[in-house]
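The values are calculated or read from the model by the stated rules, or taken from the named source; none is laboratory data. Owing to the predicted nature of the structure, the values given are computational and were not obtained by experimental measurement. Cβ: placed from backbone, ideal geometry, glycine included. Neighbour counts: every protein chain shown.
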C-alpha cells in the first residue's frame, strides 16, 4: 500500500489559516454586508427596512424574501457593539421610524413594515414593531406615551391579537396614549 504525500499546507494556500469560506459569518462590518450575506444564501431580497434609535443612528433591520409558494421568509439583523449580526435586536426593541415619532400629531400603528410604508406613502405618520404579531411586547412603545394612536390591524386573528396587545401596552403609560382600533374591511368588487 502506497501513501501519496500530501501537499504542504503552505503550498496548498493555507498559510496557517483555514481558507475555506464559512457557510455563514457571524458578524459583519456594515449592515449592507450582513444583508449581502443573507442574499447569498436566500437569493435577492424583496425588501429591507432599517430601524433607528431616537437620534437617527441605525440599530437594526428586518429583511424579507417572498417565496414562490406565496409564503415569506423574514430575517432580523442587529447592531451588536461595533459590528452587525443576524438575529433579533435586543429588548426592548425600537419602533420602526422612531425618529419621526418625536413630532406631534396622530400616529398610526400597523402590523409590519410593509403596511407602515404603505401608510407613509399616503402621508400618514406610521410605525410598527419588529417581529410583527409574534413580538409586540418586546418593543419599546414608550415614545407613544400620551399620543393619539390609531391601530390598523391586519384582517386576521393575528392582527386582532397584535392590536389588543399594543393597545394594552399603550394605555398603561403615564400619561396613557389615546388609542383607537380601526378595522379596515375588504372591499368586494
Q: Return only the number of the condition from (1) within 28 Å of residue 171 (Cα to Cα); (2) more than 13 Å from the chain's Cα centre (by Cα); (3) not in a loop (DSSP other than H, G, I, E, B) that residue 124 does not satisfy.
A: (3)
Q. With respect to residue 161, is the statement that it is surrounded by 13 or more Cβ atoms within 10 Å (Cβ to Cβ), assigned to a helix (DSSP H, G or I) and in contact with a strand residue (DSSP E or B) (Cβ under 7 Å, 6 or more places away or on another chain) true?
A. no
(Q) Going by what's in this entry, would residue 119 be described as at pLDDT below 95 and closer than 18 Å to residue 64 by Cβ? (A) no
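Is it fair to say residue 166 is in contact with a strand residue (DSSP E or B) (Cβ under 7 Å, 6 or more places away or on another chain), over 17 Å from residue 50 (Cβ atoms) and buried (at least 19 other Cβ atoms within 10 Å of the Cβ)?
Working: in contact with a strand residue (DSSP E or B) (Cβ under 7 Å, 6 or more places away or on another chain): yes; over 17 Å from residue 50 (Cβ atoms): yes; buried (at least 19 other Cβ atoms within 10 Å of the Cβ): yes.
Yes, satisfied.
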Q: Please enumerate the residues belonging to segment 90-100 that are in contact with a helix residue (DSSP H, G or I) (Cβ under 9 Å, 6 or more places away or on another chain) and either buried (at least 21 other Cβ atoms within 10 Å of the Cβ) or not in a helix (DSSP H, G or I) (or both).
A: 91, 92, 93, 94, 95, 96, 97
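Any chance you could count how many residues in segment 30-71 are surrounded by 12 or more Cβ atoms within 10 Å (Cβ to Cβ) and either outside any loop (DSSP other than H, G, I, E, B) or free of Cβ contacts under 8 Å to residues at least 40 places away in the same chain (or both)?
Going residue by residue through segment 30-71, those that are surrounded by 12 or more Cβ atoms within 10 Å (Cβ to Cβ) are 31-39, 42-43, 45-54, 58-66.
Now restrict to residues that are either outside any loop (DSSP other than H, G, I, E, B) or free of Cβ contacts under 8 Å to residues at least 40 places away in the same chain (or both): 31-39, 42-43, 45-52, 58-66.
Of the residues in that region, 28 qualify.
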Q) Counting just the residues of segment 170-188 that are under 17 Å from residue 101 (Cα atoms) and in contact with a helix residue (DSSP H, G or I) (Cβ under 9 Å, 6 or more places away or on another chain), which one comes out surrounded by the most Cβ atoms within 10 Å (Cβ to Cβ)? A) 177
Q) residue 114 is checked against (1) closer than 12 Å to residue 179 by Cβ; (2) in contact (Cβ under 8 Å) with a residue 40 or more places away in the chain; (3) surrounded by fewer than 19 Cβ atoms within 10 Å (Cβ to Cβ) and fails just one. What number does that condition carry? A) (1)
Q) Among (1) assigned by TED's automatic domain parsing to the domain that holds residue 161; (2) farther than 18 Å from residue 169 by Cβ; (3) part of a helix (DSSP H, G or I), where does residue 137 come up short? A) (2)
